[in-house]
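The structure under discussion appears below in the form of structure tokens.
The values are calculated or read from the model by the stated rules, or taken from the named source; none is laboratory data. Given the structure is predicted, the values throughout are model-derived calculations rather than measurements. Note: ideal-geometry Cβ built from the backbone for every residue, glycine included; neighbour counts use all protein chains shown. The area values use the complete protein model at the heavy-atom level, side chains included, leaving out ligands, DNA and RNA. Shrake-Rupley method; radii C 1.70, N 1.55, O 1.52, S 1.80 Å.
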Amino acid sequence: MLGVLRRKAASGASSASVYGKSLYKLKPAVPTPRPCSAAAEEIIHYTRGFGGARAFCHLPLAGRMMTLMPKREVVGILQQDVNMQIWSRSFSSSSEGDVVEAVVPYMGESISDGTLATFLKKPGDRVEVDEPIAQVETDKVTIDVNSPEAGVIQKLIAKEGDTVEPGTKVAIISKSGEGAAHVAPSDEKASEKAPPPPTPAEEKKEKPTPKVETTPVVEKPKGSATPPPKPSATEPQLPPKERERRVPMTRLRKRVATRLKDSQNTFALLTTFNEVDMTNLMKLRSDYKDAFFEKHGVKLGLMSGFVKAAISALQRQPIVNAVIDGDDIIYRDYIDISIAVGTPKGLVVPVLRNAERMNFAEVEKEINTLAKKANDGTISIDEMAGGTFTISNGGVYGSLLSTPIINPPQSAILGMHSIVNRPMVVGGNIVPRPMMYIALTYDHRLIDGREAVFFLRRIKDVVEDPRRLLLDV
């Protein structure tokens, strides 16, 4: 019987062979797959040389059970086992699955890179989800790099001052806190590398050296070197270099400097002035500030009055709201007012969108919101993009008079200044009045002096008599 079985197996393929001391059974024509145990006693033997053999089994040791299985089923199970092992390694709780990387986020369409300004955390610090780790300074705004997961900072990859792009790895965070160690900053590392203090034996060797150096000083010949010439009284006395500090410019400051210089080189800048009696606008604010705050939840300031006055002037002189583009003039049928805000990091200009549709309360709320974001460094690129006309209030810093520079691609800018009580002639009498100088810098290539004076005069009329806004006169 055993010989018959061997001949039948051999007839299936010339390369097939059957090994072993005992053969229990052949697989039927339609085999039923039987799972192979992973115990040490049962072993599946597979060799590519078996070719077309349908079922066979090799029993290397007597008394051990084996399962007969077609070749393709054995290969399938082996492949499944390999895949399962690979899958378990990728998503197990090993060190690779425990760490996550903090990367630089998307910074806006017009921003391709930034400078890693500072790290807010150091290795070993624990962070929560979306907690800022570092700050990236761009040409327009400062962006936070947040932690994607809660954990402990394992190490910092980038360095302060590096130029980074969206997707650049900044730090590695361990979710379990394992492997995180406090790493000293570069300055501390440099101090650690300093030579250790000399031992007492070395100090004794260094003590006799001063005695040797003192002898040649006494024997210095007279007149060997002429004293340095004394500077004359007319020569300027420059301060010593050690009292100067060289600090690299921030990206925001460099961007502001570039844009202002481009504005000066491109536009035909001209400034016209006027003065405004602030009596009526200040009285309006004093009479209604409490009721205004009670209803709208925001204080009534002077800025909303100037914004509404500028909107009225822009509607009457649309050329001031236009801009030159090549050989064409673009007239904009919407009014986006840019408000210049000075921050500790530089000048930013958030925009009031569709300001012509806003009332006094909406203007005050939007100005407060944008100013707070600008000072906190959380303002976005979209909130500063665009703008058709700019208002700059240097009066909050005490400026009496100035000539503001146009913010490209606009064509004009209004400058507000401090309020000063001055003697004015009213009804034939000299009385003190709170007065403010206002200035309009405009692009004389596009705007003639006539339109500029009419524009500034309209602002003066509306501020001095706010009732004109209600009657549209």
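For the residue pairs Lys289/Lys460; Lys122/Lys373; Lys175/Lys345; Lys140/Lys295; Lys345/Lys365, the alpha carbons lie more than 30 Å apart in Lys175/Lys345; Lys140/Lys295. Grab the other residues whose beta carbon is less than 9 angstrom from that of Met435, score K and R as +1, D and E as -1, and report the net. Local charge sum for Met435: 0. Residue ranges 346-353, 465-472 sort as 346-353, 465-472 when ordered by packing (mean number of other C-beta atoms within 10 Å per residue, highest first).
Computed extension length for Phe293-Ala257: 9.1 nm, one decimal, from 0.36 nm per residue of separation with the Cα-Cα distance subtracted. Summary value for region 384-469: 24 percent relative contact order, contacts being C-alpha pairs under 8 angstrom separated by 6+ residues. Our estimate of slack between Asp376 and Val396, defined as 0.36 nm per intervening residue step minus the Cα-Cα distance, is 5.3 nm.
Just add up the charged neighbours of Gly377: K/R +1, D/E -1, any other residue whose Cβ is under 14 Å from the Cβ of Gly377. My count for the surroundings of Gly377 gives +1.
Legend: calculated FRET efficiency, Glu101 to Tyr334, from the Cβ-Cβ distance at R0 = 25 Å, rounded to 0.05, equals 0.05.
Ligands, DNA and RNA left out, the accessible area of region 351-456 computed with a 1.4 Å probe is 55% carbon and sulfur. Given their separation in residues at 0.36 nm each and the Cα-Cα distance between them, Asn421 and Asp113 gain 106.0 nm when the chain is fully extended.
Computed over protein heavy atoms with a 1.4 Å probe, the accessible surface of region 311-441 works out to 47 Å² per residue.
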